[in-house]
1. I need the full set of residues from segment 144-176 which are more than 21 Å from the chain's Cα centre (by Cα), part of a helix (DSSP H, G or I) and surrounded by 15 or more Cβ atoms within 10 Å (Cβ to Cβ), in order please.
2. Name the residues in segment 122-143 that are part of a loop (DSSP other than H, G, I, E, B) and among the hydroxyl-bearing types (Ser, Thr, Tyr), would you?
3. Quick one: count up the residues across segment 122-136 that are over 21 Å from Asn23 (Cβ atoms) and either buried (at least 18 other Cβ atoms within 10 Å of the Cβ) or charged (D, E, K, R) (or both).
4. Listed residues Leu9, Leu5; which is crowded, with 18+ Cβ neighbours inside 10 Å, more than 18 Å from the chain's Cα centre (by Cα), in a helix (DSSP H, G or I) and in contact (Cβ under 8 Å) with a residue 12 or more places away in the chain?
Amino acid sequence: MSHELFLSLVAFAFVSAMTPGPNNTMLLASGVNFGFFRTRAHILGVVIGFTVLLLAIALGVGRLLVLVPGLYSVLRIISVAYLLWLAWRIGTAGATDPIASEDARPMTFLEAALFQWVNPKGWMVCLSIAANYITPDNLWADIATLATVITIVSTVSASSWAFFGTSLRPLLKDERSMRIFNVVMAVALVASLWPIVKEMI
């Protein structure tokens, strides 16, 4: 991979990772509700899950979607349903410390990692990266470079959003403020689905 292409990859990965989307919205909400320490598994799940998704697409899963377009439609339906459930879960969360109900907990590593497979933004980013930054002549070297860059950038992004959420905790001490924040985050998560729903209708 040339120096110019590498810089382009880093810039694309950074912008894609840092801009608002389902992952970042949930990490922000988790940071507010549970703090950075308890959100670590969620962060790790996003980083590892997204890197694995990228590697799978780079190695041929993306080609399967091209050959069987119906699979992508199924993926989008599952994605919308799951994100709506997550939005409801965030919107109905209580105040921080103590946790308002037994059901309120941070997303686990496995949940966060598996979520990447139904995350529409994640699929679009991975497909774009695989299409633009992998060449047949340097397949394995390019894939190794992509995996390294994505892992580093995802770690920085996920940690930053969770830390930002944690920094807001002192401003959201009472039940009313926390509920308003959670509803806003739930609405933001639902709003992120509009581009997908628009294509489906």
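1. Of everything in segment 144-176, just one residue is more than 21 Å from the chain's Cα centre (by Cα), part of a helix (DSSP H, G or I) and surrounded by 15 or more Cβ atoms within 10 Å (Cβ to Cβ), namely Arg169.
2. Thr135
3. Going through segment 122-136 one residue at a time, the tally reaches 1.
4. Result of the check over Leu9, Leu5: Leu9.
Yes or no, residue by residue, for (1) farther than 29 Å from Val32 by Cα; (2) at pLDDT 90 or above; (3) charged (D, E, K, R):
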| position | (1), (2), (3) |
| --- | --- |
| Arg105 | no, no, yes |
| Phe109 | no, yes, no |
| Asn119 | no, no, no |
| Ala131 | yes, no, no |
| Thr135 | yes, no, no |
| Val149 | no, yes, no |
| Val153 | no, yes, no |
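The values are calculated or read from the model by the stated rules, or taken from the named source; none is laboratory data. Quick caveat: nothing in here was measured; it's all calculated off a predicted structure. Here the Cβ is made from the backbone with ideal geometry for all residues, glycine too, and neighbour counts use every protein chain on show.
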